[in-house]
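See below for the structure under consideration.
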Amino acid sequence: MRRWVLRLISALGIAIFLAATALWMIAIWPRRVAHPPLKLATGTLVIQHARIYTSPTEAPIPDGAVLIVDGRIAAVGPGVAVPPGTTLLPCDQCVVTAGFWNAHVHFTESKWSLAEWKPAKALNAQLADMLTSRGFTTVVDTGSNPTNTLPTRRRIESGELAGPLIYTAGPALYPPHGIPFYVRDDTPQWLQFLMPQPETAQQAVADVRRNLDGGSDITKLFTGSWVAHGKVLPMPLDIAKAAVERTHLSGRLVFSHPSNLAGTQVAIQAGVDVLAHAPDSTQGVDRALLATMVHQNMAMIPTLKMFGTTVTTNPAYLDPIYAEVRQFHELGGQLIFGTDVGYMTDYTTEGEFAALEKCGLSPMDILAMLTTNPASRFGVSGVKGVVRPGKFADLTILDADPAQDPLAFSKVRMTIRSGRVIYQR
């Protein structure tokens, strides 16, 4: 009997050890080095005979060159001297802009699970399909599992993967008992218990601190959460304020999913920096409210294609959202490009550009959304957002001129990040 008990205890000990090791390998080890150092490429590249949009506010260079040396732009213009041994990137009357941002993405699809261990070839194909083939050199993950996002980011920065710079929110914060129905329906019950739903300001502060200490770069709040069809649950104001204040103490930005008037009002009163969507329930979201947002220097990511793709194409639903975006822009509000890919599995960008045009935005307004506006909002205008000497060589190369057709923003030939070609068609 004693020998049987000892064997059972030994077996249990081994099982516990193996389970703990597996848990550590899956949940802890992938989070190491949450903020890997940025590496610039080495070598010299040149793009010649290109139409170059150095910024959204300057006239393009009709036939110029961009010289890249060790990951930075060394020269831009019509008469650039090219050093011997420079690698020539094919252009043939291409159009060059600063690298595009997508400020609303997710890495929540199952194919990103166990990113620490997946072959580089598979992840590179996924990154190209969702992001780099669309011209994105920088993306903002507005809510994903860090065990997926952090190893992907680390492997990109090490040079193992060809991908964009990733900012991440880590897990989003929801109102008490406020996980959206479309997330709740697709998430196992046990996992929902791990999703932050702070019930007090103190809990919100603890959740934010945990996220930021764990590698997050921003905070994402559901100030208005669709808990059922036709029902939005707003986040209590004191909870939202506490989360915003704690994030701002760390010098980080706060994004909000607003959903409706109440959720937008919470975002405004709490001091949120960026609306991750235009409010899609538009009743009561009037010009005065939008003017208040502009006065508080809030930015907005419209995500118009997502609404038409995942909700309905009915103009009675979409047109009021377009009107919000149009008014916000007319009032001088800062718009930032984002598509919600990762939640939305259609990665193409044509629909977003077409919808923005319907909102009255010009091609250069859209270029600002893709480049200078997000760089300014994230405080990195010194190194990103324009095509000028000294900046990081983050470039998007297009087949055609978007000034003639905004859909040309979706015709990406090549994507360069920090002087490295991360996508080439």
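The values are calculated or read from the model by the stated rules, or taken from the named source; none is laboratory data. Given the structure is predicted, the values throughout are model-derived calculations rather than measurements. Here the Cβ positions follow ideal geometry from the backbone for every residue, glycine too, while neighbour counts run over all protein chains shown. Heads up: the accessible areas ignore ligands, DNA and RNA and are worked out on the full protein's heavy atoms, side chains in. Shrake-Rupley method; radii C 1.70, N 1.55, O 1.52, S 1.80 Å.
Assorted remarks:
- Positions within the stretch 142-152 being open to solvent by less than 10 Å² (accessible area, probe 1.4 Å) and either part of a helix (DSSP H, G or I) or under 13 Å from Ala34 (Cβ atoms) (or both), in sequence order: Thr149, Leu150, Pro151, Thr152
- Among residues of the stretch 183-193, those that are under 16 Å from Ser110 (Cβ atoms) and in a helix (DSSP H, G or I), counted: 2
- The stretch 344-371 - residue that is assigned to a loop (DSSP other than H, G, I, E, B) and open to solvent by less than 40 Å² (accessible area, probe 1.4 Å) and, of those, farthest from Gln334 (Cα to Cα): Tyr347
- Pair list, Cβ under 8 Å, 6 or more apart: the stretch 273-302 residue at positive phi, other residue aliphatic (A, V, I, L, M) and surrounded by 15 or more Cβ atoms within 10 Å (Cβ to Cβ): Gly284/Leu261
Okay, residues lined up against (1) in contact (Cβ under 8 Å) with a residue 60 or more places away in the chain; (2) more than 30 Å from Val266 (Cα to Cα):
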residue	(1), (2)
Ser144	yes, no
Gly159	yes, yes
Gln189	no, no
Ala206	no, no
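- Scanning the stretch 205-226 for residues being buried (at least 20 other Cβ atoms within 10 Å of the Cβ) and either of a type in the set (Lys, Arg) or part of a strand (DSSP E or B) (or both) gives a total of 7.
- Yes/no for Gly163 being touching a residue at least 60 places away in the same chain (Cβ under 8 Å), of a type in the set (Gly, Ala, Ser), surrounded by 21 or more Cβ atoms within 10 Å (Cβ to Cβ) and under 30 Å from Thr415 (Cβ atoms): yes
This table checks each residue for (1) of a type outside the set (Ser, Thr, Tyr); (2) at negative phi; (3) in contact with a Ser or Thr (Cβ under 9 Å, 6 or more places away or on another chain).
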| residue | (1), (2), (3) |
| --- | --- |
| Pro175 | yes, yes, yes |
| Gly178 | yes, yes, yes |
| Arg184 | yes, yes, no |
| Thr187 | no, yes, no |
| Leu191 | yes, yes, no |
| Gln202 | yes, yes, no |
| Val205 | yes, yes, no |
| Arg209 | yes, yes, yes |
| Gly214 | yes, yes, no |
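- Of all residues in the stretch 191-204, those being of a type outside the set (S, T, N, Q) and either in contact (Cβ under 8 Å) with a residue 60 or more places away in the chain or open to solvent by 50 Å² or more (accessible area, probe 1.4 Å) (or both) number 4.
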